[in-house]
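I have placed the structure first, in the form of structure tokens, so that the comments after it can refer back to it.
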Amino acid sequence: VSVSEEEGSSPTWNKMEISGSMELLYAEEFSVSYYENGCRLIEISDGSRFLTVPESQGLPEGIDEDIVVLRVPVRNIYLAASAAMDHFCKLEALDNVTLSATKASGWHIPEARQAMEAEEIVYAGKYSTPDYELILEKGCELAVESTMILHTPEVKEQLEKFGVPVLVERSSYESGPLARMEWVKLYGILLGKQQEAEQLFDTQVQRVAPLENQQPTGKT
């Protein structure tokens, strides 16, 4: 879509032009393409695709049926991938999470536990037995699941049937800690905090970099 297109107008999907892609140093389980109108196409290694659209931008017309469209920033998230909670905390985006698949007592992250004790985040059932009624009542815009959901595919299907998009977090399939950490960039896009996420990741890489030249200790 041309940059001269009026703000808020609806672009045509097959006319939208890619302007670049996200540079990923370590992660291989997802990729991101940038479009000139501010949209971002997230592609995950399981074949799922998510198109993020700024709130000021009209929704694309004629989009491929397999692409899930998400308005950014995404709010009212049901977080069933506990490993991702640290990203939300570091990006100061706990307000975007309103539902959790982990009880307050199960969180080792203080901010998450405190948010649940204050009922800012509500327990909505285990990933395999979610409280669908509560999830719908809260206006959930996205369920972020770990790969454990693959053991109960009927839950994923039911959430999607109710109109709740499901993103399966695959950072556990990455080759190492820096690759898993780089998933913070994906959450930065979903939360409208891409710049903050990239700065956060770069800072962590600089902290770890000196360790790369150390000789192995022989210990695991």
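The values are calculated or read from the model by the stated rules, or taken from the named source; none is laboratory data. These numbers were taken from a predicted model, which means no experiment stands behind them. Note: ideal-geometry Cβ built from the backbone for every residue, glycine included; neighbour counts use all protein chains shown. SASA here: full protein model, heavy atoms, side chains in, ligands and nucleic acids out. Shrake-Rupley method; radii C 1.70, N 1.55, O 1.52, S 1.80 Å.
What the table shows:
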{"quantity": "Accessible area per residue, Å², the chain with all protein chains present, probe 1.4 Å", "calculated": "54"}
{"quantity": "Rounded Å value of the spacing that divides the Cα centres of region 9-53 and region 67-90", "calculated": "17"}
{"quantity": "The chain, relative contact order [Cα under 8 Å, separation at least 6], %", "calculated": "18"}
{"quantity": "Set of lysines near Lys15 by C-alpha distance (under 28 Å), chain-local residues within fewer than 8 positions excluded", "calculated": "Lys185, Lys193"}
{"quantity": "Contour minus Cα-Cα distance for Lys126 and Ser10 (0.36 nm per residue)", "calculated": "37.9 nm"}
{"quantity": "Beta bridges per DSSP with both ends in the chain, % antiparallel, nearest 5", "calculated": "40"}
{"quantity": "Length released on extending from Ile67 to Ala209, taking residue separation times 0.36 nm less the Cα-Cα span", "calculated": "47.4 nm"}
{"quantity": "Ordering of 52-61, 76-85 by packing [mean C-beta count within 10 Å, highest first]", "calculated": "76-85, 52-61"}
